[in-house]
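*Asks:* Okay, here's the structure, questions in a sec.
Just so it is clear, none of the values below were taken in a lab; they were calculated from the coordinates. Since we're looking at a predicted model, the values are computed, not measured. Positions of Cβ are backbone-derived with ideal geometry, glycine not excepted, and every protein chain shown enters the neighbour counts.
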Amino acid sequence: MGRRKLVVGNWKMNGLRAQLGAAYAIDAIATQHPDAEVGLCIPATLLSEAKAGVKAIFIGAQDCHMNENGAHTGCLSAAMVKEAGASWVIVGHSERRGDQHESSADVAAKALAARAAGLKVILCLGESLETRDSGKASEFVLGQLSDSLPDGASADWLSIAYEPIWAIGTGRIPTMEQIAEIHGDIRGALRQALGAEQADAMRLLYGGSVNAANAREIFALEDVDGGLVGGASLKADSFGPIIEAAA
Ligand code: PEP
């Protein structure tokens, strides 16, 4: 369908200024692989300095608030992270849905706020191991999609990341058949919700223990348009091969 592969690192709560060298080394690798779009979603404290130091990759944030401003101690608005250097933002990561009790309605509102501020958005979905074992993974993920999809969703600013919670940071990944099946189901649901043209243009990322050894096989699946990568994105040595696999 001509979808450009998208590979995004999520540094989570990792990274002081001393780690920016890794972002610059990743940027240097991405420069050699323009076929893939590459970004790093880093701590908000590093956005500004990282943005000034990179050429090929985009810099993103890991969350934003759904309101434009107000009495929300410790939170950052979409406009704030944009002004600091982010051009993308992750919303609905399972760690935020879990740790911060964010609902799918919150996630949809955050995506809309990000869009209004001019940010591109990665919206995360994913089931627990219990849900997977009960045979209801697809049903659960499609329910999350329907409840989190913002009004006016379109492929030019929104991408979806399927991240089974039990695969995040565990070294355990679903089978290729399981990934292909759920990505196909997500694409099908997007066709119903947005029409074929938008659904076929929207990038669907897989996330959960992507590494140099498994990236090529995962990215070759028909409805997988790249990856959202946690642990392996912290160093150029481990993220570089994933960028190469995508390119
Ligand atoms: C993530 O949390 O977005 C993620 C995919 O983490 P990891 O690659 O470490 O499993």
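*Asks:* How long, wide and thick is the range 4-76, going by the Cα atoms along their three principal axes, in whole angstroms, largest first?
*Replies:* 44, 30, 19
*Asks:* Turning to a different aspect of this structure: Skipping prolines and chain starts, which residues have an amide H placed within reach, meaning under 5 Å, of the one on L158, given they are 5 or more residues away or on another chain?
*Replies:* Close amide H contacts, sequence-distant or interchain: V121.
*Asks:* What percent does the relative contact order of the chain come to when contacts are Cα pairs within less than 8 Å and at least six residues apart? Before the final figure, lay out the partial values.
*Replies:* Details: 502 pairs, mean separation 56.2, N = 247.
Relative contact order comes out at 23 percent.
*Asks:* Using the basic label-point model (7 angstrom from Cα toward the beta carbon), what is the E83 to T175 distance in nanometres?
*Replies:* Output for this residue pair reads 5.2 nm.
*Asks:* Which ³J(HN,Hα) values, rounded to whole Hz and listed in residue order, are derived for the range 140-152 from phi using the Karplus coefficients 6.51, -1.76 and 1.60 in 6.51 cos²θ - 1.76 cosθ + 1.60 with θ = phi - 60°, glycine and proline given as x?
*Replies:* Per-residue couplings from phi come out as 5, 5, 5, x, 4, 4, 5, 7, 9, 5, x, 4, x Hz.
*Asks:* What do you get for GluC sites (Glu not before Pro) in the range 7-110 restricted to DSSP loop and a cutoff of at most 15 other Cβ within 10 Å of the site's Cβ?
*Replies:* Here the GluC sites (Glu not before Pro) that fit, given the DSSP loop and packing criteria, are E68.
*Asks:* Among H101, H72, which comes first, second and so on when ranked by fewest other beta-carbon atoms within 10 Å?
*Replies:* Lowest to highest Cβ neighbour count: H101, H72.
*Asks:* Next question, about the same structure. Calculate the FRET efficiency for A71 and W157 from the Cβ-Cβ distance with a Förster distance of 41 Å, rounded to the nearest 0.05.
*Replies:* Values: r = 28 Å, r/R0 = 0.69.
Calculated value: 0.90.
*Asks:* Only loop residues by DSSP count here, and only those with at most 13 other Cβ atoms within 10 Å; note down the GluC sites (Glu not before Pro) in the range 185-238 that meet that.
*Replies:* Numbers: sites: E197, E217, E222; in loops: E222.
The qualifying sites are E222.
*Asks:* Volume per residue, Å³, of the convex hull around the alpha-carbon atoms of the chain?
*Replies:* 111
*Asks:* Additional query: List the trypsin sites (Lys or Arg not before Pro) within the range 157-197 that DSSP assigns to loop and that have no more than 14 neighbouring Cβ atoms inside 10 Å.
*Replies:* R172
*Asks:* Which whole-number percent of Cα pairs in the range 122-177 have a distance greater than 15 Å?
*Replies:* The proportion of pairs with Cα distances above 15 Å equals 52 percent.
*Asks:* I need K110, K5, K235 ordered by Cβ neighbour count within 10 Å, fewest first.
*Replies:* Ordered from fewest to most neighbouring Cβ atoms within 10 Å, K110, K5, K235 come out as K235, K5, K110.
*Asks:* Gap in Å between the Cα centre of the range 27-103 and the Cα centre of the range 1-23?
*Replies:* Taking the Cα centre of the range 27-103 as reference, the centre of the range 1-23 is 10 Å away.
*Asks:* Continuing with the same structure: Just to be sure I understand the model, the point goes 7 Å from the Cα along the line to the Cβ. What's the resulting E244 to A105 distance in nm?
*Replies:* Taking the two extended label points, one gets 4.9 nm.
*Asks:* Provide, in order from the shortest bin, the percent of all Cα-Cα pairs of the range 57-182 in each 5 Å bin, continuing until the bin that contains the maximum pair distance.
*Replies:* Pair shares across the bins are 2, 11, 21, 22, 18, 13, 8, 4, 1, 0.
*Asks:* Further question: From the phi of every residue in the range 78-95, what ³J(HN,Hα) in whole Hz does the Karplus formula 6.51 cos²θ - 1.76 cosθ + 1.60 yield, where θ is phi - 60° and glycine or proline is x?
*Replies:* Taking θ as phi minus 60°, the curve returns 4, 5, 5, 5, 5, 4, 6, x, 7, 10, 10, 8, 8, 10, x, 4, 4, 5 Hz for the range 78-95.
*Asks:* Sticking with this structure for a sec: Under a Cβ-Cβ cut-off of 12 Å, what is the net charge of the residues other than R187 that fall near it, where Lys and Arg count +1 and Asp and Glu count -1?
*Replies:* Numbers: positive: R3, R191, R203; negative: E181, D185, D200, E222, D223, D225.
Combined, the nearby Lys, Arg, Asp and Glu give -3.
*Asks:* State, to one decimal in nm, how far the label point of A116 lies from the label point of R191, with both points 7 Å from Cα in the Cβ direction.
*Replies:* Output for this residue pair reads 3.4 nm.
*Asks:* Could you give me the ³J(HN,Hα) list for the range 13-24, computed from phi with Karplus coefficients 6.51, -1.76, 1.60 and θ = phi - 60°, whole Hz, x at Gly and Pro?
*Replies:* Per residue, the Karplus-derived 3J(HN,Hα) values read 8, 10, x, 10, 4, 4, 7, 5, x, 5, 4, 5 Hz.
*Asks:* Also, quick follow-up: Could you please report the charge total around K82, scoring K, R as +1 and D, E as -1 over all other residues with beta-carbon less than 15 angstrom from its beta-carbon?
*Replies:* +1
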